[in-house]
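Remarks on the structure that follows.
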Amino acid sequence: QWKLVWSSDGRHELFDLGPDPGERRNLLLERPEVAERLLRRLEEFLRRHPARAEAATAVPDGNLEELAELGY
């Protein structure tokens with residue numbers, strides 16, 4: 001039911017997909033205990049699977065400029 005959107009700059013988002021399938025209401029500040037639980041699970045998963053952690057944070061060559069132009 002919960003979806004955590006992790007961001008490398010720390011601006012994470014948390015959505016309750018049951019009542020909000022369109023992900024319009026960020027509940028991160030209202031449900032910090034849920035966000036912390038999901039962040040711990042994500043960190044544990046990435047510790048156990050370091051190759052996936054590297055792939056999840058990698059940006060292909062040449063895309064950094066394109067992302068910067070888009071405001072990322």
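Scan the range 14-52 for residues that are closer than 13 Å to residue 1 by Cα and assigned to a helix (DSSP H, G or I) and jot them down.
34, 35, 38
Which residue pairs have Cβ atoms under 7 Å apart, sit 6 or more places apart or on different chains, and have a first residue in the range 40-60 that is at pLDDT 75 or above and a second that is not hydrophobic (A, V, I, L, M, F, W, C)?
Filtered contacts from the range 40-60: 46/52.
Give the number of residues within the range 4-13 that are open to solvent by less than 50 Å² (accessible area, probe 1.4 Å) and assigned to a loop (DSSP other than H, G, I, E, B).
3
Quickly run through the range 14-33 and pick out the residues that are open to solvent by less than 70 Å² (accessible area, probe 1.4 Å) and touching a residue at least 12 places away in the same chain (Cβ under 8 Å).
Residues satisfying the conditions are 14, 15, 16, 17, 18, 23, 26, 27, 28.
The values are calculated or read from the model by the stated rules, or taken from the named source; none is laboratory data. The structure presented is a predicted model; accordingly, all values stated were derived computationally and were not measured. Glycine gets a Cβ as well: all are built from the backbone with ideal geometry, and neighbour counts include every protein chain shown. Accessible surface is based on the protein model in full, side chains and every heavy atom, while ligands, DNA and RNA are left aside. Shrake-Rupley method; radii C 1.70, N 1.55, O 1.52, S 1.80 Å.
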